[in-house]
Amino acid sequence: MVPVSVRSDHWTPDEVIAQLEASLRALGTDHIDLYQAHSGPDEVVDDDTLWETLHRQVARGTVRYLGLSLSGDDFDQVRCAGQLGAGVVQVGYNRLDRTAEEELFQACLEQELGVMAREPLANGYLSGKYRPGGGITAGGDWRSGGDPAEVQRKLELVEEIRRTEVPEGMTMAQWAIAWCLQHPVVSCVVAGARSVEQVQSNAGAADLDLVRDDHPRGVVP
């Protein structure tokens, strides 16, 4: 039995500011570049008092930018992101899940929102470590509880992508990250890493030919 963590909700303005101050202390800094509401319910996103409180933090310089991290395909929230004063939207996006392309990316483009693409490796499926006939991971991980038939379907699709889309000599993980970055709406990719080597490998995806030098969201160091 895989244990399931239970998260409590603390969305009142006072609670959010207390969390912000705790984060500043933990990070040893006087400001946070991007402060995101992560998977907040509609009633939170619609809370004018909360956003007024957050905008006061922006005015003070404690927070530089506000953002919304969306759960699933919550298009209603992204449509009002600009009105709330959010400048960035985070959403799941990868070669196996292109749902965001259908409506969400267009809404971001119209509002000139930055887009952070999370889960570029599709929770490990696009890491290059797993092949059809096996499992996605060992027991004890939340992914090990998936439907076996669905796991094999995805692994077979990944194998087809490997054969037909990933250039020879390129790792699948780097390719998967670069695949996300090639979309003109995507500003950056949130890729997890467990070692310095993985960080360096992930960062190298930006240098692949899939990512245009004139990407509209590109930043030159």
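Quick note: the coordinates plus some simple rules give every number you see, no bench work behind them. Quick caveat: nothing in here was measured; it's all calculated off a predicted structure. No Cβ is skipped: glycine too gets one built from the backbone with ideal geometry, and neighbour counts run over all protein chains shown.
On inspection, Asp47 does not qualify as closer than 22 Å to Val190 by Cα, touching a residue at least 12 places away in the same chain (Cβ under 8 Å) and charged (D, E, K, R). Scanning the range 189-204 for residues that are closer than 14 Å to Ser127 by Cα and assigned to a loop (DSSP other than H, G, I, E, B) gives Ala191, Gly192, Ala193, Arg194. Filtering the range 53-73 down to residues that are out of contact with any helix residue (DSSP H, G or I) (no Cβ under 8 Å at 6 or more places or on another chain) and charged (D, E, K, R), which residue is nearest to Glu103 (Cα to Cα)? Only one residue tops the list, namely Arg56. Taken over the range 22-61, residues that are surrounded by fewer than 11 Cβ atoms within 10 Å (Cβ to Cβ), acidic (Asp, Glu) and under 25 Å from Ser71 (Cα atoms) amount to 3. Kindly evaluate Val186 against the criterion of being in contact with a strand residue (DSSP E or B) (Cβ under 6 Å, 6 or more places away or on another chain), surrounded by 16 or more Cβ atoms within 10 Å (Cβ to Cβ) and in a loop (DSSP other than H, G, I, E, B). Taking the combined requirement at face value, the residue satisfies it.
Given the options Ser23, Ser71, Ser8, name the one that is of a type in the set (Ser, Thr, Tyr), part of a loop (DSSP other than H, G, I, E, B), touching a strand residue (DSSP E or B) at 6+ places or on another chain (Cβ under 9 Å) and on the phi < 0 side of the Ramachandran plot.
Checking each option against the conditions leaves just Ser71.
Among the residues examined, Gln77 does not qualify as in a helix (DSSP H, G or I), under 30 Å from Thr164 (Cα atoms) and over 15 Å from the mean Cα position of the chain (by Cα).
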